[in-house]
Each structure stands twice: as C-alpha cells, then as structure tokens.
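Note sheet for the following structure.
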Amino acid sequence: MFDSYTDTTLKFYPDRCINCLRCTQVCPHGVFTQGNDHAELAYPASCMECGACALNCPVQAITVQSGVGCAWAMISAALRGKNMDSCECSCGGGEDSCCGQQEKKAPPCC
C-alpha cells in the first residue's frame, strides 16, 4: 500500500546518470548527494515531489510525478486560500472526510 508520508513517485536510474549533480543543486530537501560515478539517492523519503530534479536532469535519469506530493498540496491550498493546518479542506465531505466531520456542500480538496 502507498504511504504518502514515506513513499513517493520518485524514480532514479543511476545507470543513466552522468554525474552532472544538477539534482543535488536544485533539490530543496537534499534528496540526492554526490557519489563517485553518479549522484546518489540518499534520502528518498524526504522528496516532496516538486519535480525540480527531473526537470533539470539532462539525461532523464530521474522521473517523478510532480503534482501529487506535499509541494502540490501546499501550492494548491495557497492558491485556493486554504489553511493546511486547519479543517478547511473537506476531501468531499461526509463522515470519511479528512477532518472526520460531516460537512454539507463542501467542495472536494483536489
């Protein structure tokens, strides 16, 4: 099962890596570190799936489905004027909402 707090869509293909280290320079969470022959995926669980590493990799040694992780959730909440730390997002409402409360006519968060 996918655990959104530790699992990510980040995939690294070290055999494609040319050791340009762009991923180490653009990653805001230091997911990649310098290695001998190629970059090293040191802290994959720290990835917030922003996509900066994949966009800057000249040889497509990194893929990530940006728009699904916490970076997207924070940006989306900010654009919608929502507070990530409160119960303003109903995830569709009902008993099984992210807040655990029943809310009427609330839009889904995504």
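Rundown of residues vs (1) touching a strand residue (DSSP E or B) at 6+ places or on another chain (Cβ under 6 Å); (2) among the charged types (D, E, K, R); (3) loosely packed, with under 15 Cβ neighbours inside 10 Å, yes/no style:
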{"site": "Asp7", "(1), (2), (3)": "no, yes, yes"}
{"site": "Asp15", "(1), (2), (3)": "no, yes, yes"}
{"site": "Thr24", "(1), (2), (3)": "yes, no, no"}
{"site": "Asn36", "(1), (2), (3)": "no, no, yes"}
{"site": "Leu41", "(1), (2), (3)": "yes, no, no"}
(message) Among the residues that make up the stretch 35-45, is at least one of them at pLDDT below 95, within 17 Å of Asp7 (Cα to Cα) and assigned to a helix (DSSP H, G or I)?
(response) yes
Sole miss for Pro28 among (1) within 18 Å of the chain's Cα centre (by Cα); (2) at pLDDT 95 or above; (3) part of a loop (DSSP other than H, G, I, E, B); (4) of a type outside the set (Phe, Trp, Tyr) is condition (2)
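The values are calculated or read from the model by the stated rules, or taken from the named source; none is laboratory data. Computed from a prediction, not measured in an experiment: that's the story for all the values here. Cβ: placed from backbone, ideal geometry, glycine included. Neighbour counts: every protein chain shown.
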